1. Given the structure, is F51 loosely packed, with under 12 Cβ neighbours inside 10 Å, without any contact (Cβ under 8 Å) to a residue 40 or more places away in the chain and within 26 Å of I131 (Cβ to Cβ)?
2. The conditions are (1) within 20 Å of K4 (Cα to Cα); (2) out of contact with any Phe, Trp or Tyr (no Cβ under 7 Å at 6 or more places or on another chain); (3) not acidic (D, E), and C114 fails exactly one of them. Which is it?
3. Which of the residues belonging to region 103-125 are among the hydrophobic types (A, V, I, L, M, F, W, C) and in a helix (DSSP H, G or I)?
4. Of all residues in region 30-45, count the ones that are touching a Pro at 6+ places or on another chain (Cβ under 7 Å) and part of a loop (DSSP other than H, G, I, E, B).
5. Cβ-Cβ distance below 7 Å, separation of 6 or more or different chains: which pairs start in region 82-105 with a residue that is modelled with pLDDT of 85 or more and end on one that is of a type in the set (D, E, K, R) and not in a loop (DSSP other than H, G, I, E, B)?
6. Considering only residues that are basic (K, R) and in a loop (DSSP other than H, G, I, E, B), look in region 1-26 and name the one that is surrounded by the most Cβ atoms within 10 Å (Cβ to Cβ).
7. For M29, only one of the following conditions fails: (1) over 14 Å from L118 (Cα atoms); (2) modelled with pLDDT of 95 or more; (3) surrounded by fewer than 19 Cβ atoms within 10 Å (Cβ to Cβ). What is its number?
8. What are the residues in region 111-124 that are at pLDDT 90 or above and either farther than 15 Å from L42 by Cβ or among the polar types (S, T, N, Q) (or both), if any?
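The values are calculated or read from the model by the stated rules, or taken from the named source; none is laboratory data. On a predicted model such as this, the values are computed, not experimentally measured, just so you know. Backbone-built Cβ (ideal geometry, glycine too); neighbour counts: all protein chains shown.
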Amino acid sequence: MIDKRFTLDTNILIYAIDKDAGIKHEIAMDIVDKAMFVDCVLTVQALSEFFSAATRKGYATAEQVTLFIREWLNVFPVAGNSAHALINAISTLSEYKLSFWDSMIWAVAKEAGCSIVLSEDFQDGHRVGGILFCNPFLEKNTKKLEEILK
């Protein structure tokens, strides 16, 4: 049994509304739908990036994206950036070779008590400071994803 508190990276949220993403859309929708009922924390950063990317790339209007975010704020606990998370993120940059924004997602997730980040952007199976990065779109992670979401 794994500790199941987790967070969703921006790409999961984007695929959840991108109906042209095929199987990734279906998987992301399933993740978001089930995550509402388990120990999932969203980050302000992922929600901010979601707003920016979804509106910039034309997946939805600003009003529609705002509605998604408001709904998610009502059902998920949300973790914000803190000064402590910023320092932790900066300190991981060179050691783990993450981008600054990926380091911030990691640091906020760690501060929120998450043990898993669901994302396709990180190296699947890689652990940073006790947090596992899991790509939910890889077939090899189907069972792991099922366990996380139950």
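1. No, not satisfied.
2. In the conditions (1) within 20 Å of K4 (Cα to Cα); (2) out of contact with any Phe, Trp or Tyr (no Cβ under 7 Å at 6 or more places or on another chain); (3) not acidic (D, E), C114 misses (2) alone.
3. Residues satisfying the conditions are M104, I105, W106, A107, V108, A109.
4. Of the residues in that region, 1 qualify.
5. S82/E111; H84/E111; A85/E111; N88/K110
6. Looking at residues that are basic (K, R) and in a loop (DSSP other than H, G, I, E, B), I get R5.
7. Among (1) over 14 Å from L118 (Cα atoms); (2) modelled with pLDDT of 95 or more; (3) surrounded by fewer than 19 Cβ atoms within 10 Å (Cβ to Cβ), the lone unmet condition for M29 is (1).
8. Result: S115, S119, E120, D124.
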